[in-house]
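Just so it is clear, none of the values below were taken in a lab; they were calculated from the coordinates. All of these numbers come straight from a predicted model, not from anything done at the bench. When we count neighbours, we look across all protein chains shown, and the Cβ atoms used for this are built from the backbone with ideal geometry, even at glycine.
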Amino acid sequence: MGEFKVHRVRFFDYMPTAIRAMAFNAHTERLALGRMDGSVEIFNFADRYFQEKVIPGKDSRSIEALCWVGGRLFSAGLNGEITEYDLETLRPKYSLEAYGGPIWTITSNSQGAHLAIGCEDGTVKLFEVLEESIQFERNLDRQKGRIISLSWHPSGTQIAAGMMDMIRVFDVPTGRAVQRLLVDRGFGGSKSRETVVWSVVFLSDCTIISGDSAGKVQVWDGHTGTLVKTHLVTKWDVLALSVSKDESSVVVGTSEGTVIQFQFIAPTLQQQQDKEWVRTRTFKNHTHDVRALAEIETAIVSGGMDTQLVVRPLLEKFDERSHASALRKIQFPHRNLVFCAKKAGLLLFQFPGQLELWRLGESDGHGKPGDSLPLKRKPEKLLHLKRKGEDHICCSALSSCGGWLAYSTMSSVRLYRLQTDNNDISISKVPKLPKILRSAHQLCFSSDSSKLFAASSQSSVLVIALSQSECKYVHTLKPKSGSRQPIHLMTNSVDGKWLATANSDCEIHVYNVQKLKLHCIVPVYGSCPSAMGIHPTTNNLTMVHADQQIFEYSIVEKQYTDWSRKLQKQGLHNLWLDRDTPVTHVTFNPKNPEQILLHDMHMFCIIDQSLPLPDQKTQFYNQMTLRSLSEQERPSHLHAFKICKTFQDLLSVSLLDDQSLVMVERPLLAITCQLPAPVRQKKFAT
Amino acid sequence: MATLFEGFTLCGLVQTSSASDSAIQGIELDGDSDHAVVTDSTRAVTLYKVSDQKPLGSWTVKQGQLLTCPAVFNFQTKEYVVVSDNKVIRVWKEEDLNLDKAFKATVSADVWRVHSAPGGELVVLFQRGAVRLLDSLLSAPQQPIEGILSEKEVIRWSTNIVAEKQHFVLFTTEQRGEHFLYVQRLNPNTLQKYRLEREDSGASPLSFSASLRDKHINLLYLYPNGCVYQSVVAVRGPVGLEGVQALPRSLRLRLPVGEGELGAASAVALDEAHVAVVGMPHPSARTGKDFLCIWNTNFQTLQAEILRIVWCYLGKLFVPHGKALSVIPYECQKSSLASALGKLRHPGIAVSKSSVAIPSWNTLLHGDQPQGPTKIVDTRKSVLTVVHLQPLQTGPVEEVRREVEALVSRGDAQDLQLSVGRLACQLVARSQVETAFYAPGALARLVQTQCLCHSMCPDLLLLALEHKDYFLCQLCLQLFPDIPEVVTCACLKTFIGNEVLQTPYSDNLLVPHLKDLNAPQVILFLQYLQFIYLKYSQDVYTQTPVLRSPTMTQIIDWVCLLLDAHFTVLVMAPDAKGLLSNLQSFVKSQVKLFSELGKIEGSLQELHKMKPSKDISQYSIEVIELF
């Protein structure tokens, strides 16, 4: 196959922010995840945990808790506001000041008719959920001390509220506090410190389970207000609680990074009637605070300060091994944060608060495979562009010539002209953008840099013509399907004729940019596309989906190619299908039209379409074997998927015009190093 | 872990004419857990206080009348009920003195049994299969009783079970060699009939036992070939299914019965993991000897054993035995593999090692005789048939040894397992009968096949001890995975070896038996342990591992156990003083060493982690090659 020169880039200091809250919608199987920077991510658990949507954060927004009401998503935070999100435009629909000081928690009753929030000023406020908004209804009896956590009784007539040193039970119809459960303080030095009841759950049999800052999980009888059982699970804080749908299991998250499961079971086989809450399992998949938890049908989902989302399957719920029964850690976003100017050898890194433009280094001479080449020129950071305003950057683009740069926030789009002569770089903002260009979900430049495409609301695409003097709105490309979902992928062809978009409804539209009209719709496949690209010579569209399926569609002939049909008929290798991170980039080798380049977090792959497809018996990862074989023996062992795992924690792979590869790695260890120190845990004899 | 405690005799029995018939018709519970109602085979009902072995009351029917069903206690009315001459039901209270003056009623059909259970009403089962509640029967004693069973179908066994407010009467019948199970539900009344699978030999089940577990009725039954089967009937079974259903069964246990068959035997489920079996003849014992054992069915291990069962209530087994009725308390703990098998052999001692070592011992003890003949017989006779060779029964020691040698070298693995066990049992049984006969060579050869374990032939090790055959004892200790702690201690009393220390054991079971050792024995043993410990710790680096030597951990474990068992005695014994202070200073030094090690543990771990890692910079240009 051949040798490649690889720019191994590790200077992208991508740093995900900590997970603060999560809410699982069992009906739609979507998990909403709130991060410290105020961004919200939606994962589709029915589609291999694909990160379907990202609502960018905002400086002033904070998220303490998230809550689904039907298909509507609400958040509340320490800024004192309740926010409802528009999941189609990916922006807050409205925010409402609750006038109770910082809000610690938000939760809806099981009927979905009311929201309750817990405020710093000691009030529990009820809001009625209306069709288009929410409306303040009343306060429950005001208490001294903040309301940290809330849980509705499934009947909706009572609410348990976790406070400082106590739990209150409110009767909702009258608003009166009917029970006061006193929570003990910790031992020793922490005796003088107030105990914070970080989390409560209220079960249908009126059992209340609480987790607090003294490290206790306590089981209470809500009828009598008596303590049934105390489990001391950590020396630090118990931060999060989540109960399974059938109320037979509760998971708690602690500051030590452990998730501990309690189950409502009989302690001995003989007495099946006398069930009690028994500590059963401990999972340690985090290094820091577990701030958010959800127990779903077959797994425990957890997240916290160490920024990763962990899906820990409950193996007793599975009959056979499958991708769903494997532990999943979601560390990287399922979309691109790195853009490469192939002609100019520039890299653009997207951060929530800034953009960085780098020029790659150079080397001279050649080397054997495995060698590191001496550097003639080091990589250079050309530009550090801070965003304007409070809104975080949601997308950006760099033209392949390196002459244009654009980014968008929720409220504005900015376009810059870049000029580089040798070592000098000058940047100028393009003034007076068309008014219609207010924000974009995705941006991309045409390969000749004459056009900017901006994905707008309802899956439409704005076409903007660029020239030295001005930039002009040309047309809006609209899909025929009438989908309201946002576009999350956009790519165009090298010849400038075609533009393909993919939205969260899994629809892929192909537009003819020259005629400014819709060309065709690719047959909808049940899993969301995670990456796609248009071949530079054949104009075939290659799509990779979240479930790891690969399709190739001929745009000219409006049908799947023979290779794609062959691949589907034979089926992909199980080892390919079992991978647990989605492919996030598809690109091609103009010098060798048979090659498709893909990557996910853990591997880089070149598919050679001229070679036979591997069947299930074929050794799939065969590079080591091939290396050991002689030239003569090799051809009989070759197959189409050439997978390289030398590079790990990959954020981006691209092929420059000079045939060298750019691999952007972000070692997880480097992320861990930047996290604050975890709680001190005494190791034996240290 | 099941343990049988020491039994005691509740009362004497009148010997009946036939050996297999019991002199007791039935034993039932009274309202008090310590009371038992014993009905003998003729005319008397006696109430005993079990713990005091004292009769509290006795009632008899007149001469000429016969009790035909064991007396039962009615938990609701605190009355006793018995049936005499098949048709007369008698009801009396504890304070009634004379049974003749008690209430009686004559019913229109022959009664098989009256059944009682706490929480349920009394139920009368008639010989033709009809079932009535006692109350409704007594209100109209002469009511017509229908016949359920067909001609020549007879009830063999019956019981009743109360579950979740549901009352069941279970009974099995036999008709022309076929066996059926009837499940009669009361209120509403439904009857379900199941056919038991036929055993290949066509034999009839020797005993049945039913218990309720997880909303299922578990039926346990034992065949003369030693197979204990279990069938499960759902409490909320299919209602209204007509006809006879086949009852699937699963094999819970296969008792080693040798080539013979069990003459009379009975099996009772104690809990989900344990089955008590009583029967005769014992496969490894002389004929005519009977036995009681508790088997763990999960792991198929023998848990406790003494000789002879019949009834089991509230942690006690009632066993008519010879001329007496014995009561044997037992205890079944929740079992895990570890508790069933005891502390495992130390992993450091691989089985392969010991098997390599044995032949050398053999040559050492038996001179330079060649390892047995290894010719392979062409006509592959089944080893099982060879077992019956005459020399084994009567021949002299040398001939037996040759036969065994030939047999062992020719059998294939599958057959060997079975035949070796039988052979060993036969030889041991013969040695026990003929005091002059003892075949150490043959027995050793059998043990060396590694197909034998203690459960298969429990008398072997004791026999070897009796004959002071230490070579065989050592072999057994090395190769048997399941030697009971009591036997280990018995070995310990006769000799101290490396092998004893390496036998598997469970701490909590061993300690009581260790207490049987006397002070001088303990001191000697401790001294020995200290000696080998010191020897080890001195040349721990220079020493090459010696085969079958105990590990440090095993030595320390034994020291701890001995001290646990005898600490008070040792403290008082003057000659143990030096030893104890030595041990104490040794422990002190160990604690100090470990605390020092603990302090540098972190650093040591870091050293371990320091792998030469490739320095990866922020940026490099590399060349890769794909094939």
| Looking at the square roots a ≥ b ≥ c of the eigenvalues of the Cα gyration tensor of chain A, which shape do they give, rounded for a/c under 1.5, prolate if a/b is larger than b/c, or oblate? | prolate
| query | Do any chymotrypsin sites (Phe, Trp or Tyr not before Pro) in segment A:148-197 lie in a DSSP loop with no more than 12 other beta carbon atoms within 10 Å, and if so, which? | reply | A:F187
| request: Please give the contour-minus-distance gain from A:V228 to A:M1: 0.36 nm per residue of separation, less the Cα-Cα distance, rounded to one decimal in nm. | output: 74.9 nm
| Between segment A:7-45 and segment B:442-478, what's the alpha-carbon centroid distance in Å? | 67 Å
| request: Provide the FRET efficiency to the nearest 0.05 for the A:T537-A:Y621 pair, computing r from the beta carbons and using R0 = 30 Å. | output: 0.55
| note | Semi-axes in Å, largest first, for segment A:550-686 (Cα gyration tensor, √(5λ)) are 35, 20, 17
| request: Could you size up the charge dipole of segment A:317-359 around its Cα centre, putting +1 on the beta carbon of Lys and Arg and -1 on that of Asp and Glu, and report it in debye to the nearest 20? | output: 140 debye
| Separation of the A:R279 and A:D205 label points, Cα + 7 Å toward Cβ, nm | 2.1 nm
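So what's the net charge close to B:G147: Lys and Arg +1, Asp and Glu -1, counting the other residues with Cβ under 11 Å from its Cβ? Write down the numbers at each step before the final one.
On the way: positive: B:R128; negative: B:D110, B:E146, B:E151, B:E153.
Net local charge, B:G147 excluded: -3.
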| remark: Given unit charges at Cβ for Lys, Arg (+) and Asp, Glu (-), the dipole magnitude of segment A:532-686 about its Cα centre in debye, nearest 20, is 640 debye
| said: For the pairs A:K515/A:K558; A:K229/A:K275; A:K388/A:K435; A:K191/A:K284, flag any whose C-alpha to C-alpha distance is greater than 20 Å. | reply: A:K191/A:K284
| note | Nearest-0.05 FRET efficiency for B:L133 and B:N498 at R0 = 56 Å, using Cβ-Cβ distance, is 0.25
| query | Any idea what the dipole of segment A:634-675 comes to, in debye rounded to 20, about its Cα centre with Lys/Arg Cβ at +1 and Asp/Glu Cβ at -1? | reply | 260 debye
| query | What residue among B:F73, B:V123, B:W112 has its Cα farthest toward the positive end of the dipole of segment B:51-124, where the charges are +1 on Lys, Arg and -1 on Asp, Glu, each on the Cβ? | reply | B:W112
| request: Mind sorting B:V591, B:V131, A:V197, A:V494 by how few other Cβ atoms lie within 10 Å of their own Cβ, fewest first? | output: B:V591, A:V494, B:V131, A:V197
| note | Counted neighbours (other Cβ, 10 Å), sorted fewest up, put A:T157, B:T488 in the order A:T157, B:T488
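Cβ under 14 Å from B:S585's Cβ, B:S585 left aside: what net charge do those residues give with Lys, Arg +1 and Asp, Glu -1?
+3
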| request: Can you run the Rg to Rh ratio on segment B:159-226? Use alpha carbon positions and the Kirkwood inverse-distance Rh. | output: 1.01
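Relative to the present Cα-Cα distance, how much length would full extension add between B:E625 and B:S589 at 0.36 nm per residue of separation? Mind showing how you got there, number by number?
Working: separation 36, 0.36 × 36 = 12.96 nm, distance 5.95 nm.
Separation in residues times 0.36 nm, less the Cα-Cα distance, equals 7.0 nm.
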| field | Partner aspartates and glutamates for A:K245 [C-alpha distance under 15 Å; skip if fewer than 8 residues away on the same chain] | value | A:E29, A:D205, A:E295, A:E297
| field | Rg in Å to one decimal, and Dmax rounded to a whole Å, for segment A:177-306 via C-alpha atoms | value | 14.5, 44
| Of all chymotrypsin sites (Phe, Trp or Tyr not before Pro) in segment A:448-540, which ones are in loop regions per DSSP and have a Cβ with at most 16 other Cβ atoms within 10 Å? | A:Y525
| field | Gyration tensor (alpha-carbon) shape descriptor, segment B:31-145, a/c threshold 1.5 | value | prolate
| request: Just rank A:S244, B:S139, B:S209, B:S58, fewest to most, by other beta-carbon atoms within 10 angstrom. | output: B:S139, B:S58, A:S244, B:S209
| Three-way shape label, segment A:1-56, alpha-carbon gyration tensor, a/c 1.5 | oblate
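Rounded to two decimals, what is Rg over Rh for segment A:373-466 when you use alpha-carbon atoms and the Kirkwood radius?
Values: Rg = 14.8 Å, Rh = 14.5 Å.
Computed over Cα atoms, the ratio is 1.02.
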| query | How much length is gained on full extension from A:S636 to A:L130, taking 0.36 nm per residue of separation minus their Cα-Cα distance? | reply | 175.5 nm
| For B:Q142 and B:E94, FRET efficiency with R0 = 35 Å and r from the beta-carbon atoms, rounded to 0.05? | 0.75
| Rel. contact order, % - alpha carbon contacts under 8 angstrom, at least six apart, chain A | 8 percent
| said: Given an 8 Å cut-off on Cα distances and at least 6 residues of separation, report the relative contact order of segment B:30-167 as a percent. | reply: 15 percent
| query | Hey, rough spin-label estimate for A:R321 and B:V433, points 7 angstrom out along Cα→Cβ, what's it come to in nanometres? | reply | 5.7 nm
| query | Which value in nm describes the separation of the simple spin-label points at A:V178 and A:N512, placed 7 Å from the Cα toward the beta carbon? | reply | 7.0 nm
